[in-house]
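The structure under discussion appears below in the form of structure tokens.
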Amino acid sequence: MKREILYQKIAGTIAWQIKTGIWKAGEKLPSLRTISNEYGVSLNTAIQVYYELEKEGFIISRPKSGYIVNYKPLNLSAPATTQPSAQSPGKEETDLIMEVYHSIEDSSITRFSLGIPEDVLLPIAKLNKELAKAMYSLPGNGTRYEDPQGNIRLRNYIARFAYSWNGNLTEDDIVTTTGVTNSISLALSVIAQRGDTIAVESPVYFGILQLANSMGLHVLELPTNPVTGIEPDALRKVLPQINLCLLISNFSNPLGSCMPDEHKKEIVQMLAEHNIPLIEDDLYGDVFFGHSRPKPCKAFDEKGLVLWCGSVSKTLAPGYRVGWIAPSKFKDAIIRQKHIHLISTPTLNQEAIANFMENGRYENHLRKLRHELHSNSLHLAQAITNYFPEDTKIITPQGGFMLWVELNKKIDTTELYYKAMQHKISIAPGRMFTLHDQYRNCMRLSFGQQWSAFIEERLQVLGNIIKESF
């Protein structure tokens, strides 16, 4: 039996014992030497067993005390499918959004509001080398304009990665952008006109709402399940009213929902029947916690109406602003719009990312990142169970960075934000993710920071603030 399979099997056995109550929270587990003797494995394998259990949130290591069971069954209820307001379009909470994201570099603030990985989870030293390599290898040392469609090596690697979800793309199908928001902006500028109606999830990332409002679009927020995403029947009912659709199909921001393949296929087909374009933000698709990457809606696109958008901003280098779009039959129009607004995308950043994607290094990094984030999500859910009020509702997502928290309706998370900030804790209030007066008792928490005793302590403080708010 291979060592990797063996340690996972032993870890699974102990995890089952913990879940079923054979080992209870607070109890000390056998020593590493005892595990080694009982299971007939090496000491290194025993260490790997406990490391796996610790990463999954079942145990914690305490100096001079050994390994302690840290698991308590999650007994919180799950949020229900959202029922967004049917009122006339409202407005985004611009002032609140700016307040939450001001002084973003203040390291004294614990930012559960920020949906990006912490620096320590990123291969910064390796990226620095690739950036220097790009500077010396590119014509003009990276000072020249690039082809409007973008770096050809980067487009080639993106196309190769698309084969993980059966995306039959080539480098010629892809246009690079300055992040996924730029991809969405370019797509909207090509397929939408002022006064058009766009259907989105609810709640939805506030940047999408700001973009749509700035372009004079009417936003129609759809009922969304926190596990399976938008309800296909809800979309079907509004097809006569809409001109385009925008979805975060995989691990949505802020809910964390992931649409099943059958829903994706059904939605793509019904939109195609009405010749309605779909802009797909697949920013989080590579951050999955299961065995394989979920397919995007683009995998079911037969008429060229799905504009697939992605980026490395959430996985590798947020500040590099390297993104892309596979715009299908809208490609020529997208390139023209990009040339008008940008001329070209930054040359050095694209080349550096292309360099990093060579020889499987990006996939190796993603495996480590996914493992870390999955562990973080379990720790966060456990901390919420331990420290938040009993009527709190959450669903632990199967990918991404976000956890949506629904509190008692007496709690206003905008007020909670200001109270928490007095303790240097930042959250993302639910009102940020809608144009209507709703989700005021909800918030988004990010688990993109490396888990530590300090992070857990900050969550305990937040839980105490919530309890004191009743």
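The values are calculated or read from the model by the stated rules, or taken from the named source; none is laboratory data. Computed from a predicted structure; not experimentally measured. Cβ: placed from backbone, ideal geometry, glycine included. Neighbour counts: every protein chain shown. Remember, those area values only see protein heavy atoms, side chains included, never the ligands or the DNA or RNA. Shrake-Rupley method; radii C 1.70, N 1.55, O 1.52, S 1.80 Å.
Here are a few things to note about the model shown:
- Global size of the range 361-470: 14.5, 49 Å for Rg and Dmax (C-alpha atoms, Rg to one decimal, Dmax whole).
- Tail beyond 18 Å, pair distance distribution of the range 151-285 (Cα, percent): 56
- Per-selection metrics, the chain (Cα): Rg and Dmax in Å: 23.1, 71
- Accessible surface area normalised per residue over the range 58-197 is 55 Å², counting heavy atoms of protein chains with a 1.4 Å rolling probe.
- As a fraction of the 1.4 Å probe accessible area of the range 226-305, surface on carbon and sulfur atoms comes out at 45 percent.
- Derived value for the range 1-49: Kirkwood hydrodynamic radius 11.2 Å. Basis is the mean of 1/r over every pair of different alpha-carbon atoms.
- Rolling a 1.4 Å probe across the protein heavy atoms gives the range 344-470 an accessible surface of 36 Å² per residue.
- Distant alpha-carbon pairs in the range 217-345 (separation over 21 angstrom), percent: 43
- D_trans [Stokes-Einstein, Kirkwood Rh over alpha-carbon pairs] for the range 422-470, 4 °C, 1.567 mPa s, µm² s⁻¹: 105
- For ASN408 and ALA80, the difference between the fully extended length at 0.36 nm per residue and the C-alpha to C-alpha distance is 116.7 nm.
- Full-stretch length increase - LYS419, SER452 - with 0.36 nm per residue and alpha-carbon distance subtracted: 9.6 nm
- When Rg and Dmax are taken over the Cα atoms of the range 263-333, they come to 13.4, 39 Å.
- Measuring r between the beta carbons of ARG160 and LYS64 and using R0 = 41 Å, the FRET efficiency lands at 0.25.
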